[in-house]
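Have a look at the structure below, then the notes.
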Amino acid sequence: MSEHGHLWQNGPELDGQIPPGAIENKWDDLRFSMKLVAPANRRHYHVIVVGSGLAGASVATALGEQGYRVSCFCFQDSPRRAHSVAAQGGINAAKNYRNDGDSIRRLFYDTVKGGDYRSRESNTYRLAQISTEIIDQCVAQGVPFAREYGGYLDNRSFGGVQVSRTFYARGQTGQQLLLGAYQSLTRQIAAGQVEMHVRSEMLDLIVVDGIARGIVVRNLLTGEIRAVLGDAVVLATGGYSNVFFLSTNAKGCNVTAIWRAYRKGAVFANPCYTQIHPTCIPPSGSHQSKLTLMSESLRNDGRIWVPRHPGDTRSPNAVPEPDRYYFLEEKYPSFGNLVPRDVASRNAKQVVDEGMGVGPQQNGVYLDFSEAMERLGRGTIEQRYGNLFDMYHSITGEDPYAVPMRIYPAVHYTMGGLWVDYQLQSNVPGLFVLGEANFSDHGANRLGASALMQGLADGYFIAPYTIGNYLAGIDQTAVTADAPEVTGAIADVRNRLSALLGIQGRRTALSLHRELGQIMWEQCGMARTAESLSTAQAQLQGLRESFWNELYVPGDAGSLNQNLEFAGRVADLIELGELLVLDALHREESCGGHFREESQTADGEAKRNDEEFSYVAGWAWQGEGAAPMLRREPLAFEAVRLSERSYS
């Protein structure tokens, strides 16, 4: 079926299975009505967890603690190397320790508004409810959150809010939270409840009679391919920012696990919702393979500015105050430098595009701490951000205590992911998706310090209930290793690896990945148009043909072969890029991180189209070469009122 001149099929609506009742009571009422598995019976159930970051480690730990048999897989050499370790600034919770007006309802409202009213409000409210329990859990694990002089946990502010609700451990919050989850995970490993498989990559989902029953994994050291069967599968494998090549994500981050699930029937929701983080170190040349995040927490004390006149090449300390353009403070006086990420990023792009960029390549803006150091003292700034300043200095060779940092937006997080219902189960029964790998909580833009909150909420406090409810209600026979669905999935993986090795072209997977990133950033980056997206479609089709005709992968599949691993991931990223562009093309509105230039206000802000696009766009695989099916989940707002976002 042709719609708006672009091919997709329309399918039935998706049902989020949202419980009835007042939003404040939905989660508690649902938990009370859930079926339970008796403690003595839990050892009879086997749950497969893919991913060992905050969401994966926490759900594996919680299920193991309850008595289930858990197998956890990660492609790193240790769960501690999961990308959750890279989160810097903090984790949100509505504790209201500052007594500054925060509450569960305010955290809920800020998150829905920050996501530009494109999230499922029932999930977002539950996230705010659970946030307070997360902090207690982590403190009990020994996570060393920053404390005030009197011993209370300290808080700071992040973008899009007017309260201080972010708990932090200097600029290493993700690392400390992951260590807390890891030590709990190792306890369950030692107890024999969790079987940990490192250097193992999921390459396919096994679906039997429409139900997820296992995965196909490859041992990255030996090349062994085998099936792992269970009663439920949990994917907690993170996001897909590396579709843009240059991002703040680790180079190993990939889409393969959820993309393989998509090709086995799981709906992929809102792939075009990608987040650009405003405070990253600008690219220094074409040689780079990734970008470096500078925590959003820096915007608490740093002031963002550019020279007021285009082409001003004076050193920053030589620019007098009247010639400095504090563009966020001037445009958004109520929030200043702490506007949401999408707003800050678009404004930074705008001033750079207008010729006011700074640095050797004029591709950045300043983040200046001179006023804060004068007001608070250098020692206070060192205490709050010392490790971040050291990191900046080691990368750029510039001393941020002496001259302002240079920053520019970069791809950082993806709000899209596999579609899940209220119980975090995909449309494929038995397949649960947690953390950044699902779409559920953040709408079209995630507020800072909310990713860690979601990962731990999903893993510690939601999935252990909902997976137990699922297991208590199933009556399924055991799947054997010789079942046709199992042998077929293994054969598909082997054939795919053979195909990658058999091309024998002249281009590396890295060069093809770099070309993918250039297409995505230039045509589908911070600003998108119908023309640029149509151009991207044609370029991506050509890139996919080039990949399968020109790729060269040395070595074989029977041993360690990182070129082969990477090639498979790039192939999946190219296909994802095509779906992402189609989603962006079909969504003819601007919302959050999805900015269509045709849909903006007179002031250049995002302009939503609630009448036509107030829904989750879920895409279903229909086979090789066939147009995907668009399945919508209408968004209903009862606890908040749809309105135009304003941060002035």
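Just give me the residues in the stretch 471-528 being under 30 Å from Arg42 (Cβ atoms) and in contact with a Ser or Thr (Cβ under 9 Å, 6 or more places away or on another chain), in sequence order.
Correct list: Ala481, Val486.
Scanning the stretch 243-299 for residues that are hydroxyl-bearing (Ser, Thr, Tyr) and closer than 18 Å to Leu582 by Cα, which turns out surrounded by the fewest Cβ atoms within 10 Å (Cβ to Cβ)?
The first filter runs over the stretch 243-299 and keeps only residues hydroxyl-bearing (Ser, Thr, Tyr), leaving 247-248, 256, 262, 273-274, 279, 284, 286, 289, 292, 295, 297.
From what's left, closer than 18 Å to Leu582 by Cα: 262, 273-274.
On the way: Tyr262: 26, Tyr273: 31, Thr274: 29.
Of everything passing the filter in the stretch 243-299, Tyr262 is surrounded by the fewest Cβ atoms within 10 Å (Cβ to Cβ).
Got at least one residue in the stretch 160-167 being of a type outside the set (A, V, I, L, M) and part of a helix (DSSP H, G or I)? Show your work before the answer.
Filtering the stretch 160-167 for residues of a type outside the set (A, V, I, L, M) gives 160, 162, 164-167.
Among the residues that remain, those that are also part of a helix (DSSP H, G or I) are: none.
Checking the stretch 160-167: not a single residue is of a type outside the set (A, V, I, L, M) and part of a helix (DSSP H, G or I).
With under 30 Å from Val37 (Cβ atoms) and either out of contact with any Cys (no Cβ under 7 Å at 6 or more places or on another chain) or crowded, with 21+ Cβ neighbours inside 10 Å (or both) as the only criterion, which of Gln141, Gln76 stands out? Before the answer, list the steps.
Values: Gln76 fails: under 30 Å from Val37 (Cβ atoms).
None of the other options fit; the residue is Gln141.
Restricting attention to the stretch 60-69, does a residue exist that is part of a helix (DSSP H, G or I) and among the polar types (S, T, N, Q)? Even if it seems obvious, please write down each step before you answer.
Step one: list which residues in the stretch 60-69 are part of a helix (DSSP H, G or I), which gives 60-66.
Of the ones still in play, those that are also among the polar types (S, T, N, Q) are 61, 66.
Checked against the condition, which is being part of a helix (DSSP H, G or I) and among the polar types (S, T, N, Q), the stretch 60-69 yields at least one hit.
So which residues in the stretch 466-484 are surrounded by fewer than 17 Cβ atoms within 10 Å (Cβ to Cβ) and either part of a helix (DSSP H, G or I) or touching a Gly at 6+ places or on another chain (Cβ under 9 Å) (or both)? Spell out the reasoning first.
Within the stretch 466-484, the subset surrounded by fewer than 17 Cβ atoms within 10 Å (Cβ to Cβ) is 472-478, 480-482, 484.
Listed by number, the residues that qualify are Ala472, Ile474, Gln476, Pro484.
Collect the residues in the stretch 593-625 that are part of a loop (DSSP other than H, G, I, E, B) and open to solvent by less than 50 Å² (accessible area, probe 1.4 Å), keeping them in residue-number order.
Going residue by residue through the stretch 593-625, those that are part of a loop (DSSP other than H, G, I, E, B) are 593, 595, 597-599, 601-605, 607-609, 614, 621-625.
Those that are part of a loop (DSSP other than H, G, I, E, B) and open to solvent by less than 50 Å² (accessible area, probe 1.4 Å): Gly593, Phe595, Ser599, Thr601, Gly604, Glu605, Arg608, Asn609, Ser614, Gly623.
Sort out which residues of the stretch 93-114 are outside any loop (DSSP other than H, G, I, E, B) and open to solvent by 10 Å² or more (accessible area, probe 1.4 Å), and write them in order of number.
Narrowing the stretch 93-114 to residues outside any loop (DSSP other than H, G, I, E, B): 104-114.
Ile104, Arg105, Arg106, Tyr109, Asp110, Lys113, listed by residue number.
Please determine, by comparing only the residues of the stretch 170-194 that are buried (at least 17 other Cβ atoms within 10 Å of the Cβ) and over 21 Å from the mean Cα position of the chain (by Cα), which one is farthest from Ile91 (Cα to Cα).
Once the filter is applied, the top-ranked residue is Gln193.
Under 7 Å by Cβ, and 6 or more places apart or on different chains, what pairs join a residue from the stretch 394-419 that is part of a loop (DSSP other than H, G, I, E, B) with one that is open to solvent by 40 Å² or more (accessible area, probe 1.4 Å) and of a type outside the set (Gly, Ala, Ser)?
Asp399/His393; Pro400/His393; Tyr401/Arg378; Val403/Asn317; Trp419/Asn427
Leu560 - would you say it is open to solvent by 70 Å² or more (accessible area, probe 1.4 Å) and farther than 30 Å from Lys113 by Cβ? So that I can check it myself, show each step before the final result.
On the way: open to solvent by 70 Å² or more (accessible area, probe 1.4 Å): yes; farther than 30 Å from Lys113 by Cβ: yes.
Against the criterion (open to solvent by 70 Å² or more (accessible area, probe 1.4 Å) and farther than 30 Å from Lys113 by Cβ), Leu560 qualifies.
If you go through the stretch 286-297 one residue at a time, do you hit one that is outside the structural domain of Leu585 (by TED's automatic domain parsing), at pLDDT 95 or above and of a type in the set (Lys, Arg)?
no
Against the conditions (1) out of contact with any Leu (no Cβ under 7 Å at 6 or more places or on another chain); (2) at pLDDT 95 or above; (3) under 30 Å from Arg341 (Cα atoms), where does Pro554 fall short? Just the number, please.
(3)
For every residue, the table says whether it meets (1) outside the structural domain of Leu564 (by TED's automatic domain parsing); (2) part of a strand (DSSP E or B); (3) in contact with a helix residue (DSSP H, G or I) (Cβ under 6 Å, 6 or more places away or on another chain).
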residue	(1), (2), (3)
Gln176	yes, no, no
Gln188	yes, no, yes
Gly214	yes, yes, no
Thr222	yes, no, no
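So which residues in the stretch 522-556 are among the aromatic types (Phe, Trp, Tyr) and open to solvent by 70 Å² or more (accessible area, probe 1.4 Å), if there are any at all? Show your work before the answer.
So in the stretch 522-556, the residues among the aromatic types (Phe, Trp, Tyr) come out as 547-548, 552.
Result: Trp548, Tyr552.
Which condition from (1) open to solvent by 30 Å² or more (accessible area, probe 1.4 Å); (2) touching a Ser or Thr at 6+ places or on another chain (Cβ under 8 Å); (3) not acidic (Asp, Glu) is the one that Tyr401 breaks?
(2)
The values are calculated or read from the model by the stated rules, or taken from the named source; none is laboratory data. All figures in this text were calculated on a predicted structure; none of them were measured in a lab. Cβ atoms come from the backbone with ideal geometry, glycine included; neighbour counts cover every protein chain shown. Note: areas computed on protein heavy atoms with side chains; ligands, DNA, RNA excluded. Shrake-Rupley method; radii C 1.70, N 1.55, O 1.52, S 1.80 Å.
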